[in-house]
1. What does the charge add up to near Ser185, with Lys and Arg as +1, Asp and Glu as -1, over the other residues with Cβ less than 12 Å from its Cβ?
2. Quick check on the chain: helices-only [θ] at 222 nm, where DSSP H runs of length 4 and up contribute -39,500 (n - 2.57) each and the sum goes over total residues. Nearest 500, please.
3. Taking R0 as 22 Å, what FRET efficiency do you get between Asn45 and Glu353 from their Cβ-Cβ distance, rounded to the nearest 0.05?
4. Accessible area of segment 202-308 with a 1.4 Å probe: how many percent of it is carbon plus sulfur?
5. In square angstrom, what is the accessible area per residue of segment 296-398 with a 1.4 angstrom probe?
6. Using only the heavy atoms of the protein chains and a 1.4 Å probe, how would Thr177, Thr335 rank by accessible area, largest first?
7. Please report, in debye to the nearest 20, how large the charge dipole of segment 330-424 is about its Cα centre when each Lys and Arg carries +1 at its beta carbon and each Asp and Glu carries -1 there.
8. Ignoring ligands, DNA and RNA, what percent of the accessible area of segment 46-182 is carbon or sulfur (1.4 Å)?
Amino acid sequence: MNILILGSGGREHALTLKLSESNKVNQLFVAPGNAGTHKIATNININPTDFKAVKETVLKNDIKMVVVGPEAPLVKGVHDFFLVDDELKNIPVIGPKKDGALLEGSKDFSKQFMQKHGIPTAKYKSFTKDNLEEGYAFLETLEAPYVLKADGLAAGKGVLILFSLEEAKAELKEMVTNQKFGEASSTVVIEEFLKGIELSVFVLTDGKSYKILPSAKDYKRIGEGDTGLNTGGMGAISPVPFADDAFLDKVEELVVKPTINGLQKDGIDYRGFIFIGLMNDNGNPSVVEYNVRMGDPETEVVLPRIESDLFDLFDGVANQNLEDKLFQVTPKTATTVMLVSGGYPESYEKNKEITGLENIKESTVFHAGTTLKDSKVVTSGGRVMAITSFGSTIEEALEKSYRSIDEIHFDKMNFRKDIGFDLT
């Protein structure tokens, strides 16, 4: 079977590598891919949200399954596009349709969904420029810090955590009246701040049954000790030590089952990944947010720990017999450390040559913001690559990742030296 993976990051490289291990997969195509996917698949330089180009690629290369990496094509309806096209409708798409993708595409929708189905989450209200004064009044009922979330997709930048009431009011006005995050912030969700330790739990579902994938914790801030600006993620660890069986049982009972049952009750045929961002408050899980795809860089520690055939699991999603599929996970710990361009997450330079990759022996390098230029691997994004290692402990796995990083060089390369600092 030929498979097309949509996307270009570390997540997509990890998906491609895992699928390449299956003896049921013939050829892999990645659109647009990166320098890492180029080694194990055929890159096709199209935009994943250009559905006409996606269709041409599928028909030209006899693609029999499409795996969607990022959220934008899902929110824009790539799955629905396939279902209404006579030439594409029998080709399974791993990823929800537009109605299910609203769990990530609209913060307001996801909060309403949680409230409706009794899923634990922070109290909230939504506001637009038409009821701005009510928004100010609601902020006054909360204690600092104040959480403001743009309703729509804002490339991971639409969440503000503010410690001053006046600043929160000013930012709310900026978001809804001056469209600080564009159309995405025409509606803003204000919610109480959840205290505790964050982690992520990932679920793969065929719409009826599900498999709970390994837990992971990522590190969003650019600076050591979780300081500085938010990024797309500077590293991740799986499993999360404090997410023991008792806690994960609570997550399944209080969050996973009501989510899957809620989708069924609402008539949403959901087939794909659900990323559940959680807060662990004294052993009690509360949902921070849903995403409708795998996270990045969590994918680079979650997928390597899955010992089962990923294609077989996806086939189960497509045919709604996922519960019959074998699912095994290694007990080993996986860690990943993200190498980023100097200046990221603010302005940074591209086209820096990356050297030393051939010297990596004890880690897996997942490419993210890389491309090939004159046969050389060069940087093409802010988050450049994730260095993933296994160990019997977090410390052992991290030592391997950092040893491997010592071999890699590019101008102004930056990375956090304290991934996992709060877990060891």
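The values are calculated or read from the model by the stated rules, or taken from the named source; none is laboratory data. Please read these numbers as outputs of a predicted model, since none were measured by experiment. All Cβ positions, glycine included, derive from the backbone under ideal geometry; neighbour counts span all protein chains shown. Just the protein is used for accessible areas: all its heavy atoms, side chains included, with ligands, DNA and RNA removed. Shrake-Rupley method; radii C 1.70, N 1.55, O 1.52, S 1.80 Å.
1. Net charge in that neighbourhood comes out at +1.
2. Theoretical 222 nm ellipticity from helices: -8000 deg cm²/dmol.
3. With a Förster radius of 22 Å, E is 0.60.
4. The nonpolar share, carbon plus sulfur, comes to 46 percent.
5. Ligands and nucleic acids excluded, the figure is 41 Å² per residue.
6. Highest to lowest solvent-accessible surface, that is Thr177, Thr335.
7. The dipole of segment 330-424 has a size of about 240 debye.
8. Roughly 50 percent, rounded to a whole number.
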